[in-house]
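Structure, as structure tokens:
Every read-out reported here was derived from the displayed coordinates using simple, explicitly stated rules and does not represent laboratory data. What you are looking at is a predicted structure, and each value in this text was computed from that prediction instead of being measured. Reconstructed Cβ throughout: ideal geometry from the backbone, glycine too, with neighbour counts over all protein chains shown.
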Amino acid sequence: MYKHLLVPVDGTELSDRAVQTSLALAQKLGASLTAFVAEPMPPLPVMGSSPSLYQRDMEAHHARTEEHAREVLARFRAQAAEAGVPFEGKFQRTDSVDDGIVAAAKEFNCDLIVMITHGRGAFGELLFGSHTKNVMAHSKLPILVLH
């Protein structure tokens with residue numbers, strides 16, 4: 001059935017549910033996991049800011065996001081090792097989390113995406129958007145949506 005699961009995570013308590021569920025599913029299926037952290041690109045410089053200040057801010061942003069991704073993936077890796085599930089962790093900086101997830105699933109040859117949704121409802125989606133809905137709209141892979 002499914003042999004390689006992509007699990008987008010961000011280190012929040014909500015994404016921890018995706019970690020636990022994907023580990024249990026991978027154990028039952030004999031599947032491997034690729035955890036994926038999509039980190040945002042640095043914000044654009046404000047008008048009139050100095051290029052050297054922006055460069056420093058960009059370097060600090062890259063360091064923070066890389067450290068965050070490494071921490072999230074290390075926690076997931078430890079849990080996967082404990083569960084005996086083959087694991088690989090990847091992160092990418094992207095302007096679009098949704099497109100990054102879809103591209104990662106394709107690049108890493110995954111056959112199922114396991115995602116968590118906030119379940120904010122129509123008004124919340126209007127305000128904040130929905131990564132899950134956008135991934136569902138753009139991916140050809142099956143998606144297991146957890147709530």
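Placing dummy labels 7 Å off each Cα toward the beta-carbon, the span from Asp99 to Ala74 is 3.2 nm. Residues Met58, Met1, Met136, Met115 in ascending order of nearby Cβ atoms (within 10 Å, fewest first): Met1, Met58, Met136, Met115.
Extending 7 Å from Cα along the Cβ direction at Arg64 and again at Ser32 yields two label points whose distance is 3.4 nm. Between His138 and Asp111, the contour length at 0.36 nm per residue exceeds the Cα-Cα span by 8.3 nm.
Note on Glu82 and Gln20: the model spin-label points, each 7 Å out from Cα along the C-beta direction, lie 1.2 nm apart. Calculated FRET efficiency, Asp57 to Lys3, Cβ-Cβ distance, R0 = 41 Å: about 0.45 to the nearest 0.05.
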